[in-house]
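Colleague: Right, I'll just put the structure down here and ask away after.
The values are calculated or read from the model by the stated rules, or taken from the named source; none is laboratory data. All values derive from a computational prediction rather than experimental measurement. Glycine also receives a Cβ, built like all others from the backbone with ideal geometry; neighbour counts cover every protein chain displayed. What goes into the accessible areas is simple: the full protein's heavy atoms, side chains included, and nothing from ligands, DNA or RNA. Shrake-Rupley method; radii C 1.70, N 1.55, O 1.52, S 1.80 Å.
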Amino acid sequence: MDSRLFGLESPLLSTIQHLMDTTDEAEKSFNAPTRTYVRDAKAMASTPADVKEYPNSYVFIIDMPGLKSGDIKVHVEDDNLLLISGERKREEEKEGAKYVRMERRVGKFMRKFVLPENANADAISAVCQDGVLTVTVEKLPPPEPKKPKTIEVKIA
């Protein structure tokens, strides 16, 4: 609300009003998503994946047509975050050729998956065949059930 509407035009009130307006603008710009966040969100949304669970493993299947193994990176962060990323580059233009239509995606891609507690982060394999990346994460063996402990009762 503007203090001038009520005939209150003191320097103190105008300074307070200015500070309140500045705080709102700063909060809006601080809470706005960064360019990197928007780029990464688009990259993640445009990379579909299938996830299968088998008795002994989890399998992540991602289509990556036209990519070489050097263009794909598979990492494990913090022992439970599987990160698959890479980049699809635009073909070099040949002399005299121009695009009439361009629909294939180019640029960076990324997917993150939180691994379950029983995933073995030390036993992960990745194979790219015929444009399909298959990442296999082995499961840890189930913990053995604890046997009841018998305590001998002594007679005093």
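Colleague: Looking only at the stretch 67-122, which residues are more than 22 Å from V51 (Cα to Cα) and either open to solvent by less than 30 Å² (accessible area, probe 1.4 Å) or small (G, A, S) (or both)?
Modeller: Correct list: G70, G96, A97, G107.
Colleague: Kindly provide the set of residues from the stretch 52-66 that are at negative phi and open to solvent by 20 Å² or more (accessible area, probe 1.4 Å), ordered by number. Spell out the reasoning first.
Modeller: Taking the stretch 52-66 and keeping what is at negative phi, we get 52-65.
K52, E53, Y54, P55, N56, Y58, I61, D63, P65, listed by residue number.
Colleague: Can you give me the number of residues within the stretch 124-145 that are assigned to a loop (DSSP other than H, G, I, E, B) and either modelled with pLDDT of 90 or more or on the phi < 0 side of the Ramachandran plot (or both)? If you could, list the steps in order and put the result at the bottom.
Modeller: Residues of the stretch 124-145 that are assigned to a loop (DSSP other than H, G, I, E, B), as a first pass: 130-131, 140-145.
Now narrow it down to the ones that are either modelled with pLDDT of 90 or more or on the phi < 0 side of the Ramachandran plot (or both): 140-145.
Residues in the stretch 124-145 being assigned to a loop (DSSP other than H, G, I, E, B) and either modelled with pLDDT of 90 or more or on the phi < 0 side of the Ramachandran plot (or both): 6 in total.
Colleague: Still on this structure, I have one more. Quick check on K73: is it touching a Gly at 6+ places or on another chain (Cβ under 7 Å), at pLDDT 80 or above and among the basic types (K, R)? Show your work before the answer.
Modeller: On the way: touching a Gly at 6+ places or on another chain (Cβ under 7 Å): yes; at pLDDT 80 or above: yes; among the basic types (K, R): yes.
Against the criterion (touching a Gly at 6+ places or on another chain (Cβ under 7 Å), at pLDDT 80 or above and among the basic types (K, R)), K73 qualifies.
Colleague: What is the one condition in (1) among the polar types (S, T, N, Q); (2) in contact (Cβ under 8 Å) with a residue 40 or more places away in the chain; (3) farther than 17 Å from V51 by Cβ that T134 does not satisfy?
Modeller: Of everything listed in (1) among the polar types (S, T, N, Q); (2) in contact (Cβ under 8 Å) with a residue 40 or more places away in the chain; (3) farther than 17 Å from V51 by Cβ, T134 misses just condition (3).
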